[in-house]
Structure formats: C-alpha cells, structure tokens
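So the structure is just underneath, and the comments pick up after that.
The values are calculated or read from the model by the stated rules, or taken from the named source; none is laboratory data. Fair warning: this is a prediction, and the values are worked out from it, not measured in the lab. All Cβ positions, glycine included, derive from the backbone under ideal geometry; neighbour counts span all protein chains shown.
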Amino acid sequence: MLAYITRRLFYAIPILIGVNLITFALFFVVNTPDNIARLQLGVKNVTPEAIQKWKANHGYDKPLLYNENKTGREALTETIFYTKSVRLFVFDFGLSDEGRDISHDISQRMWPSLAIAIPSLIVGLLVNISLSMLLAFFRGTYIDVSGVITGVVLISISALFYIIGGQYIMSKLWHLVPISGYSEGIAGFKFLILPVIIAVVGGVGSGTRWYRTIFLEEINKDYVRTARAKGLSELKVLFRHILKNAMIPILTGVVVIIPLLFMGSLLTESFFGIPGLGSYTIDAIHAQDFAIVRAMVFLGSVLYIIGLILTDISYTLVDPRIRLA
Amino acid sequence: MNTAENTIAWWQVVPSILWTDWLVYILLIAIGVFVFHARKHEHLRAPWRHILRRRLAMSSCIILLAFATIGLLDSVHFRQAVDVREDGSLRYSNESVSLFDQLVLPLKKNTEKTYSAPFATHLYSKENIELADGSVIRDYPLLKYGGAHLTDSSLGMSEDIQARIITASWQAALSVVLIVLALASWQAVKRKQQLGCVLLRMWRGEKEGVPWKTVFTTLGCIVLLIYLSKELATVYHVFGTDKVGQDVFYLTLKSIRTGLVIGTLTTLIMLPFAIMLGIMAGYFRGWIDDVIQYIYTTLSSIPSVLLIVAAVLMIQVLIDNNPDAFTTLQQRADVKLLALCFILGITSWTGLCRLLRGESLKLRESDYIQAAQAFGVSNFKIITRHILPNVMHIVLILVVLDFSGLVLAEAVLSYVGVGVDPSMISWGNMINGARLEMAREPIVWWSLMAAFIFMLLLVLTANLFADAVRDAFDPRLRK
C-alpha cells in the first residue's frame, strides 16, 4: 500500500510539470512580462525604467525558458519558468502581481470556502441518496417516472437561475436570510443557509439520476433475489442489503471531489460575496492577476491528483477483493 | 438618398460569411452525408427508427429542428446595399446582417429609449413630457412602437390582443390542416394506400409506428407560436425591452445561434483529436499509449474552469495586441466565439478519449480484428474499417450528452466574464446584464425570464433527445 502511494506520488511529478508547462505557455507566450508590467503599473506610470524595476521586483527580469548568458546548469535554472515553477512545487506561491502574499491569502480564504462546500456536500449526499432510494423503491410506477422527469427538468435549468431565483425568493420576498455576505463564527451561520440550499437544489437533479441507476443496477443482482427468497420485506432488502452495496460506487465517486472542495465554487462565492478561494480566483481573473491564477491552477491540479489517489485507496478499503500493486 | 432607397431592394447584397458560419455549413454537410449514408444501411437506420417512434423523443427532435432552423437562418450573413454611387455601382453597408435579421426586421428595428415591461405601452422610467399647450409634466412617456397602433384605433389593449390571438389561432389551425394533409398524402403515395385510410391510421396510432399525433401536436404548437409572434411581436414588445431599448424577444431569438454554435462546434472541433488519439492509444498500446495517456491526464488534471479562464484571458490579450487583424466588432466577437469553442473542446475531449481507448483495447483482441491482422491488413485500414464503425455509437452518445452541458456552460462563463464577447448577443450576456437590475423597484424581470425560458426549452429538449439516443445506441441498455 505504502509503496503504491509513493509510486503514485512520483507519477504525479511529470504530470505537474506538464501542467506547469501548459499554464506557462498560456500565460507567457502570448503575454510577455512587459505586458504584465504595463498592465499592473497603469497607464500613467509606464516608463522603461519603471517596467524594468517592476520586473526585477517580481522576478520577471530573466529569459523565459533558456538563458543564453549563463552556462551549464544555470542556463536552465536562471529563467522565469524554472524559478516560478520550482517555487510552486514546494507550495511557495510568492507574491501576487499586486504585491500580496498568495500563500497567506489562500490559507485565509480556504475556510469560508470549506464552510460552504462541506455542508453542501454532506446535505446534498443525504438528500440525493434518500431521493434516489425512494425512486428505486417505487421503480416502474408513476412516482418513479415523474421523479425521473423532474430530474431532467432540474438538470436543464441553469445554475444561474437557481442562485438568482433563490436570492430573490428567500431574501427579497420572504426576508428569511441575508441576500449575501459572510462573517466568522456562529454569526456566519445565517449567511451559509441560502448558498447551501441552492447548492443542494442545484445538484439534486444530476445526483438523484446517477444514484438511481446505481441502485437499480444493484436491485437486479443475485444476492438481492436471495434476500427476497429468504422472505425479507422489500424495505429490509433495500436498507440492509442494497444500500450497503450501493454505497461503494457512491462513496468512491465522492472521494475524488473531496480535495477539490478547498477550491470553493466560483459562482456561489461571487454571487453571495463570500471571501473564499472561488471569489479570490474570480477577482484575480477580473484584475488579470496572472500570479494568482497560476497558483490556483497548480493548486487545483495537485488536489485533483490527490483525489485520484484517494479514490484508489478507498476502493481497497471498501472492497477487500481489490489489491493495489 | 430617398431615390436610392427606393431603388435598392433588401436582397441586393454581398455575402459576408463569418468563421463560425463556415463551420456551421461544414457541420450541416457532415450531417447530410451521414444521413445519406445511414439511409442505405439497415443497422444504422434501426436505432434512429427506434428513437423516432418514442413520443417524447420525436417531439423533442421536432423542437430541436425548429431551434436549428432559426440558428441556420441566423448563420447566413451578408452586407446590404445602402447607396448607389455616381457610376451606378452599389455601396454596401459595413454591418453584416443575417437572413434571420431580415425575417424579423420589425423586431430588430423597433427600439425604444430604455426598459419597458412586456406588452407595455409606456416606458419604464418617467421623463419630462412637453404637452401641446407648452406646459411640462413628469410622466411615463408613450412607447414609440410598443402598442403605438392603439392610439388611432378604437380597440382597448386587451381586446386588441384577443383579436390578434384569434387571428393567429385560425391561421395556425389552417396551416396545421394543410401540414396534416400534405404529410398524409405523402404517406399515401409512399404506401400506395387511400388518403382516408392513412388519415385513419394516423389518428388511431400504431404500436410500432411513427407517433403521428405527437408530430402534429408539436408542429401545431410551433406553427401557433410563429403566427402569434407574427401578430403580437410586431406591434408589442412581448418580452419587453432592455436597457438600451432593444426588443428582448429579438435578443433571445438571436441568442439561439450562439447557444447552438457553442453546443455543436465545440464537439465538432474536438472530435477528430479525441477519436484519433483514443483509438491510437488503445490499438497500438506501448509508448504511443503512454504518451497519449500522459497528455490527457495532464489536461484533465487542470480544473477545467481555470484552464478556460486562463486561455480566454490570453486570447483577449492576443486580440487586444493585434487590433488590425479584425476589421469589425462583429468579426472580433466571432473569432472570440470560435476561440471559446476551441478551449471548451480542449477541456472536454479527454473523457471521450479515455472511453475510446478502453473500447479499442477491448476491440483489438476480438477475433475479427485478429483475423484481419493475420491477413496482413494494414493498421490504417483496420482502424478505419473495423474499429471506427464499432466505436461510433460511443461518440454519438457523448456528443448529444455534451450538447446541453455546453449550452449551460456558456451562460456561466459569460457571467464569470470569460464567455463570449460582451457585444455578442447570448443568453449568458442577457442574464449578466439583467442580474444587475434585480435591485430596481419595480423589478426588471423580463429579460432574465426570457433568457431562462428559452434556455430551458433548448436544454430540456436536448436532454430528452439525448436520453433517447443513449437508450437506442447503448447496447447494454437495449432490451
């Protein structure tokens, strides 16, 4: 097991180098450091000296990929690509183009993101599983059919509509919860209700649909027939046998997104004014702050790879027949 | 100028075809070729026949075709003649319009000053109005176009609307009768039966036949909507007007093309890569497999939203740095739309590639391919003749399933600020613009609602159709 994890982590290194090369190509081939400097300095302060000074301050005063003035190893290391990427690998994100410490910002903004993402995940999972079990129990009846059709309609509605509609009805018409905002501690609870509800409602269509097929797949298996033949009631079969077995694909499917919860949701956070990592990214996009966007891309890739490894591990935990070699 | 306007007809035009237009035409030709090919092969026809015999799928298919027709009409761009020069040659306008614009000209031309509610006769905001006697009062001014015909008519507004709905209804009913008769006589000629027999059979419905009643109901609804908009939308703003006074109904109809382009061209662009790389990885294995797997793992491990954001930002910079390459605003917006399709394609091909690799891995071990290899058939031929036709059902299922997701993604991306160009009419831009007006009192809800309704209609029918396609083509689900 340990050997497997170590090997997977080593496999991750070429992938992360690839991720870095792609983002590097995207950010610097089209957009030279001079352009970034000009953008950040604003129209008034653009002088050749100021640009040079800004580039020196932010570490952009080197060649992009290959330094002709140096020899040997330094020809590769004394470049923007090397200096900027190596620091990402040790999770030192450096300063944003505006001069703020990115690592500090991320550690601060991670918590609001998690405060929304974790309750949304848990409540969503509970709602989706109960609804899909209900549909599976009433399979083939009008309840099932209407449930499936409602699911398709819910999937077809834009996420923007859920957010705007929810804000309008819950906050503006009924005055139940604040329209947007965030505060720490217990006082922040009232700000979290609406985003969580909207995240759950927005995901219920696709979630229920997916889990329903998982349940239906299990329902047709041999062990279920055996359980029924023993004389167990349909409810008991559903809860004692099918639910336990269906949890394997459901949970392993969820594991891959758990690390990504840190990244927050771009839409929800910016609509509700929550100072999490999602709105951090959006603000960076609007301000064209490339250092932050690069850091977030890198962080997202790392978390995704961790999620994949966790998925493999969770398979062995829930199903002893699978051995990782 | 007056004489010039009299002598120039609207059809005196030069074509000005945008990049995305060309790709739409290519897509149309590809679909045409496929249909022609499929007609001759029973194994390709069977699943489609299966799909079209389901009522829900048939009705979604017809609605989708209606959307596609609007999108296609909107993809034929040209520049109209505006003036005759001294030497008799024509001078053409810089702005290119589409065939669809020409069709709904009153909708496009009837712009008010600012917001007005659906079916309103007065503007949303108060203005100083000078009366005949010279005094100035502050009131809601009359609209220039919306309900303007009411002032010289004796009818009130509700009576006028009622009369127009009745006119539209009987026109639609007449057209539906004509459509039914036309389709029935076509069937009668095809099956060499009497018209009465065919009509009776259509009415009764057959267990294993085309659900004619559904076809006619759906067609009837569409025809009714067309006549209703012809009667009502030309004299009222049925969905109100937006901030700069443009008719919202016109905007949401124009958005259909943007949505369809993003939903279809994205897959069209990524398909060749996904198919080629996926099959190559599965068929050749070894180092080719390793390289391709590395490429798609790397791409898929970048969060797709961030990759899209990064790429769109770069394209924005690229366009800003090379302003000479794009002469008009429209061309710029079009290139940005195409770029967005490319980027969405790059982020969405990895899933298909992985599936195709797995399927090819399985297929290459099958007996008929082993036999082909033993006979010395070249790899290229094995791939094109044996593997490709056997994975096409996966490709088709994924393409239709992806479509609705892409249409929805456009709206979200436009909100984030990395979607289509702000000057391009799209549902995402409509929602984004309307969102800020939610705080107004009374609330400006109509452009938001119009965008959501049309988007829901397109995505819902696409989803229902996709489900039917998946059921028919996925061998695991076939009973």
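Listed by position, the strands (runs of 3 or more DSSP E) enclosed by the stretch B:51-143 that each have at least 1 residues that are of a type in the set (Asp, Glu), closer than 30 Å to B:Ile8 by Cα and in contact (Cβ under 8 Å) with a residue 60 or more places away in the chain are B:77-84, B:90-98.
If I filter the stretch A:99-118 for residues that are under 30 Å from B:Asn463 (Cα atoms), at pLDDT 85 or above and surrounded by 15 or more Cβ atoms within 10 Å (Cβ to Cβ), do I get at least one hit? The answer is yes; a qualifying residue exists.
Quick one: which residue in B:Ala172, B:Ala148 is of a type in the set (A, V, I, L, M), at pLDDT below 80 and within 18 Å of B:Val238 (Cβ to Cβ)?
B:Ala148
When the criteria are applied in full, B:Gly376 meets the requirement of being surrounded by fewer than 18 Cβ atoms within 10 Å (Cβ to Cβ) and assigned to a loop (DSSP other than H, G, I, E, B).
Answer yes or no as to whether B:Phe239 is modelled with pLDDT of 80 or more and assigned to a helix (DSSP H, G or I). Working first, answer last.
Values: modelled with pLDDT of 80 or more: yes; assigned to a helix (DSSP H, G or I): no.
No.
Determine whether A:Ser270 is farther than 22 Å from A:Phe24 by Cβ, within 12 Å of chain B (Cβ to nearest Cβ) and under 22 Å from the mean Cα position of the chain (by Cα). It is true that A:Ser270 is farther than 22 Å from A:Phe24 by Cβ, within 12 Å of chain B (Cβ to nearest Cβ) and under 22 Å from the mean Cα position of the chain (by Cα).
Among the β-branched types (Val, Ile, Thr) and not in a helix (DSSP H, G or I) - does that describe any residue in the stretch B:419-433? Looking for residues that are among the β-branched types (Val, Ile, Thr) and not in a helix (DSSP H, G or I), one finds at least one in the stretch B:419-433, hence yes. In this structure, does A:Leu121 turn out to be in a helix (DSSP H, G or I) and either at pLDDT below 90 or away from chain B (no Cβ under 12 Å) (or both)? The answer is yes for A:Leu121.
Of the residues examined, A:Ile242 is one that is away from chain B (no Cβ under 14 Å), surrounded by 23 or more Cβ atoms within 10 Å (Cβ to Cβ), closer than 30 Å to A:Asp222 by Cβ and of a type in the set (A, V, I, L, M, F, W, C).
Out of the helices (runs of 4 or more DSSP H) lying entirely within the stretch B:265-371, which hold 1 or more residues that are of a type in the set (Ser, Thr, Tyr), more than 25 Å from the chain's Cα centre (by Cα) and surrounded by fewer than 18 Cβ atoms within 10 Å (Cβ to Cβ)?
Of the helices (runs of 4 or more DSSP H) lying wholly inside the stretch B:265-371, those with at least 1 residues that are of a type in the set (Ser, Thr, Tyr), more than 25 Å from the chain's Cα centre (by Cα) and surrounded by fewer than 18 Cβ atoms within 10 Å (Cβ to Cβ) span B:286-301.
Being of a type in the set (Gly, Ala, Ser) and at negative phi is the filter here; which residues of the stretch A:204-237 pass it?
A:Gly205, A:Ser206, A:Gly207, A:Ala227, A:Ala229, A:Ser233
Among the residues here, A:Ser146 does not qualify as surrounded by fewer than 18 Cβ atoms within 10 Å (Cβ to Cβ), more than 14 Å from chain B (Cβ to nearest Cβ) and of a type outside the set (A, V, I, L, M, F, W, C). Kindly indicate whether any position in the stretch B:420-430 is at pLDDT below 85 and within 12 Å of chain A (Cβ to nearest Cβ). The answer is no; no qualifying residue exists.
Going by what's in this entry, would B:Phe342 be described as at negative phi and away from every other protein chain (no Cβ under 14 Å)? No: the conditions fail for B:Phe342. Kindly evaluate B:Ser404 against the criterion of being touching a residue at least 60 places away in the same chain (Cβ under 8 Å) and in a loop (DSSP other than H, G, I, E, B). No. Being within 13 Å of chain B (Cβ to nearest Cβ) and in contact with a Gly (Cβ under 8 Å, 6 or more places away or on another chain) is the requirement here; does A:Ser158 meet it? No; evaluated as a whole, the condition is false for this residue. Taking the listed residues A:Ser270, A:Ser265, the one that is within 30 Å of B:Asn432 (Cβ to Cβ), free of Cβ contacts under 8 Å to residues at least 60 places away in the same chain and surrounded by 15 or more Cβ atoms within 10 Å (Cβ to Cβ) is A:Ser270, with no other qualifying.
The set of residues from the stretch A:27-53 being hydrophobic (A, V, I, L, M, F, W, C), part of a helix (DSSP H, G or I) and modelled with pLDDT under 75 comprises A:Phe27, A:Phe28, A:Val29, A:Ile36, A:Ala37, A:Leu39, A:Leu41. Kindly check whether there is at least one residue in the stretch A:183-202 that is buried (at least 19 other Cβ atoms within 10 Å of the Cβ) and either touching a Lys or Arg at 6+ places or on another chain (Cβ under 9 Å) or farther than 22 Å from A:Leu266 by Cα (or both). Taking every residue of the stretch A:183-202 in turn, none turns out to be buried (at least 19 other Cβ atoms within 10 Å of the Cβ) and either touching a Lys or Arg at 6+ places or on another chain (Cβ under 9 Å) or farther than 22 Å from A:Leu266 by Cα (or both). Considering only residues in the stretch B:242-259 that are surrounded by 24 or more Cβ atoms within 10 Å (Cβ to Cβ) and more than 20 Å from B:Leu65 (Cα to Cα), the one that is modelled with the lowest pLDDT turns out to be B:Asp242. Cβ-Cβ distances below 9 Å connect the following pairs, each with a first residue in the stretch A:1-17 that is in contact (Cβ under 8 Å) with a residue 12 or more places away in the chain, a second residue that is outside any loop (DSSP other than H, G, I, E, B) and surrounded by fewer than 14 Cβ atoms within 10 Å (Cβ to Cβ), and a separation of six or more residues or different chains: A:Leu16/A:Phe89; A:Ile17/A:Phe89. Residues in the stretch B:431-476 that are within 9 Å of chain A (Cβ to nearest Cβ), closer than 25 Å to B:Leu65 by Cα and charged (D, E, K, R): B:Asp467 only. Close Cβ contacts (under 6 Å, 6 or more residues apart or on different chains) running from residues in the stretch B:213-231 that are farther than 15 Å from B:Ala168 by Cβ to residues that are hydroxyl-bearing (Ser, Thr, Tyr) comprise B:Thr214/B:Ser59; B:Thr218/B:Ser59. Here is the figure for the stretch B:287-324: residues that are in contact (Cβ under 8 Å) with a residue 40 or more places away in the chain and of a type in the set (Phe, Trp, Tyr) total 1.
Here A:Leu88 does not fit the description of being assigned to a helix (DSSP H, G or I) and either modelled with pLDDT under 70 or loosely packed, with under 14 Cβ neighbours inside 10 Å (or both).
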